[in-house]
Amino acid sequence: MGRYVARRLLQMIPVFIGTTLLIFLMVYALPGDPVRGLFGDKATTPSVIRALRHEYGLDKPVLVQYWDFMKGIVLHFDFGKQIASGRPVTEILGEAFPVTLRLASLAFVIEAVIGIVLGVVAGLRAGKAADTVILFFTLLLISVPVFVLGYILQTVFAINLGWLEPSVTDPTDFNQLLLPAIVLASASLAYVARLSRTSVAENLRADYMRTAIAKGLPRRRVVGVHLLRNSLIPVVTFLGTDLGALMGGAIVTEGIFNIHGVGGTIADSITRREGTTLVGLVTILVLVYLVCSLIVDLLYAVLDPRIRYA
Amino acid sequence: MTTIQKVSAVPSPRDAGEDGGPLLEVRDLHVEFHTRDGVVKAVNGVNYSVNAGETLAVLGESGSGKSVTAQAIMGILDMPPAKIPQGEIRFRGQDMLTMSAEERRKIRGRRISMIFQDALSSLNPVLSVGYQLGEMFRVHQGLSKKEAKTRAVELMDRVKIPAAKARVDDYPHQFSGGMRQRIMIAMALALEPDLIIADEPTTALDVTVQAQVMDLLAELQREYNMGLILITHDLGVVADVADKIAVMYAGRIVEQAPVHDLYKRPAHPYTRGLLDSIPRLDHKGQELFAIKGLPPNLLRIPSGCAFNPRCPKAQDICRTQIPELEPVTERDGSELPGRAAACHFWKETIHG
């Protein structure tokens with residue numbers, strides 16, 4: 001196990017270099033210039049621009065810029081500075097990340113709990129009315145785009161009915177985050193429900209389920225222990241990678257509900273052509289994602305003893 | 001008239017049913033499956049009984065209804081699609097088909113248990129064998145996790161799994177086929193049930209291991225004086241362990257007999273065919289005998305005797321009239337105890 005974890009951590013290095021380089025090059029390829037963007041419509045002299053470009057190292061060749069950037073990360077844990085405000089990227093992320101973390105965890109809990117419950121109910125009654133209703137409902141969630149769902153829920157539950165807050169003024173208040181979290185969770189929830197439904201319906205026919213019944217176990221135990229332990233293995237995999245994706249922020253949902261999280265910050269940096277900020281942000285997200293997937297893989301071995309890492 | 005209850009010194013005395021009848025008695029059991037294509041009549045009026053300490057072998061091809069009957073006894077048929085339109089399954093005199101689901105659950109595993117064919121898929125792959133064995137004690141006897149584990153180790157010792165203590169936390173896939181089947185047997189034996197149903201317990205094993213597993217099963221059965229229903233299509237397995245045999249075809253019992261009588265003098269052409277198709281060393285080099293044709297489609301069972309399209313002795317009556325399971329007698333009319341056959345021409349078959 002230890003060796004496996006070490007190997008996986010080492011494997012992260014090339015993945016990390018590859019993704020950051022790719023992002024760096026893609027941002028570089030975008031038209032526009034962050035320094036010119038600073039001045040907006042105001043006129044300025046080429047020498048000022050040149051000086052600023054030199055200050056941020058933007059006049060160097062792209063690979064040298066990349067090298068300097070990576071050196072900063074590795075040696076000083078310095079992810080660069082935001083050009084517009086001059087503040088370090090880590091600080092900006094430090095503000096945005098807790099908001100996203102709260103939103104993501106709330107969405108994750110909703111997704112996991114409701115998704116699995118719906119999936120298990122549907123799977124146990126495969127082919128019956130409850131199953132059809134759940135399948136239809138999840139199909140609806142998958143096919144409706146997030147911004148449509150976001151505005152509909154906002155209008156109905158917050159504005160018309162007044163049950164929930166329409167927008168987030170205090171990102172530490174979970175009551176305000178509830179509605180955006182539901183919107184954020186909706187599509188994944190549908191996938192989780194469908195995945196667990198299929199898995200449950202399939203395992204229900206397994207021989208070991210027959211054995212469990214033949215042992216005279218109560219139904220609660222047959223389903224709760226024998227069925228779920230087997231059925232949730234693929235679901236856990238999906239949930240793990242999805243948690244990584246949720247941590248990456250949600251540009252649309254954050255926009256609708258006025259949340260200043262990671263998604264919004266990334267969107268801002270893209271419009272301002274701020275390569276360093278963007279790369280810094282995304283780099284941290286890549287790390288979060290890699291760690292999430294490592295945890296999922298380890299969890300997988302815990303859930304399924306047939307998988308052994310050596 | 002009084003019945004004298006014999007209080008004997010036989011080890012682990014097991015009383016029969018409350019009415020003094022057999023341990024388990026199946027009466028006129030019918031099972032059908034309602035599918036999109038129609039009604040599949042898997043079991044069509046099966047009667048058999050098992051006493052404590054007795055081994056009944058149920059013999060038949062795939063699809064003859066032997067496993068379905070066993071699953072009906074266990075109460076593990078999926079209903080629907082399965083349906084039991086008529087029949088009785090009396091365990092110690094009580095009809096299990098009229099019991100509540102909870103009463104039946106309490107019988108399963110504790111009083112009647114089952115050994116399945118493929119131990120790898122029948123054991124839960126993500127739970128350790130110790131957990132799966134211990135579950136019996138935890139659920140039925142309310143033992144703690146720790147006590148249950150101790151008992152699980154004892155059980156594994158009981159079925160001769162080497163290094164039981166070290167292997168109790170292993171998972172099913174870490175055991176060999178024979179060892180896995182031993183675990184299945186241990187699980188069925190855990191609560192020392194009155195009756196064990198073994199559904200082709202050795203089919204997935206190689207021949208040497210088959211013999212070991214059968215010996216173990218027979219030994220444990222003798223020791224605990226349990227009833228055993230052994231479902232198999234392997235005539236070789238049956239001869240050594242069974243007391244009596246029921247041969248099934250298309251959901252009916254076509255012949256019933258004490259084990260050695262059946263081998264010596266079959267009274268049904270189907271049984272004869274089965275016996276003839278056992279490869280014999282003294283017939284080396286000759287063509288192997290096979291029963292012509294295929295088992296019937298249970299959606300459309302042939303009229304009359306279901307075996308008639310494949311039977312070498314079939315006459316017109318076989319195509320129109322279903323033969324009843326009747327007692328078989330000697331040529332002079334004297335009784336042959338325990339023997340019955342469902343064939344219009346049993347006399348010709350048995351007496352040649």
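Computed from the coordinates by the stated procedures, all read-outs in this text should not be read as laboratory data. Everything quoted here is computed from the prediction, not taken from an experiment. Neighbour counts are summed over all protein chains in view; Cβ atoms, including those assigned to glycine, are modelled from backbone coordinates with ideal geometry.
Data overview
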| item | result |
| --- | --- |
| 5 angstrom amide H check on B:Arg108, placed H, neighbours 5+ away | none |
| Cα-centre dipole for segment B:24-242 with unit charges at Cβ (Lys and Arg positive, Asp and Glu negative), debye to 20 | 760 |
| Test item: B:125-135 mean partner chain Cβ contacts at 10 Å | 4 |
| Over segment A:165-279, relative contact order from alpha-carbon pairs under 8 Å, at least 6 apart, % | 28 |
| For B:Met226, distant residues with modelled amide H under 5 Å away | B:Gly53 |
| Averaged over A:214-226, number of beta-carbon atoms from partner chains that fall within 10 Å | 6 |
| Shielding score for A:153-166, defined as the mean number of other chain Cβ atoms within 10 Å | 0 |
| Descending semi-axes in whole angstrom, ellipsoid equivalent of segment B:31-131, from the Cα gyration tensor | 23, 19, 16 |
| Globularity index of segment A:90-271, i.e. its alpha-carbon radius of gyration over 2.2 N^0.38 Å | 1.19 |
| More than 29 Å apart - percent of Cα-Cα pairs taken over chain A | 51 |
| Unsatisfied cross-links (Cα-Cα over 28 Å) in the set B:Lys83/B:Lys106; A:Lys215/B:Lys83; A:Lys215/B:Lys292; B:Lys83/B:Lys264; B:Lys106/B:Lys149 | A:Lys215/B:Lys292; B:Lys83/B:Lys264 |
| The protein assembly as shown, helix-only ellipticity at 222 nm - DSSP H runs n ≥ 4, -39,500 (n - 2.57), divided by all residues, nearest 500 | -16000 deg cm²/dmol |
| Kirkwood estimate for the protein assembly as shown, i.e. one over the average of 1/r between Cα atoms, Å | 30.5 |
| Bridge type composition, segment B:24-242 - antiparallel percent by DSSP, nearest 5 | 55 |
| Ratio of the Cα radius of gyration of segment B:24-242 to 2.2 N^0.38 Å, where N counts its residues | 1.01 |
| For peptides B:177-190, B:46-59, sequence by mean Cβ density within 10 Å, most packed first | B:177-190, B:46-59 |
| Per-residue HN-Hα couplings for segment B:290-298 [Karplus 6.51, -1.76, 1.60; θ = phi - 60°; Hz; x = Gly/Pro] | 9, 6, 5, x, 10, x, x, 6, 6 |
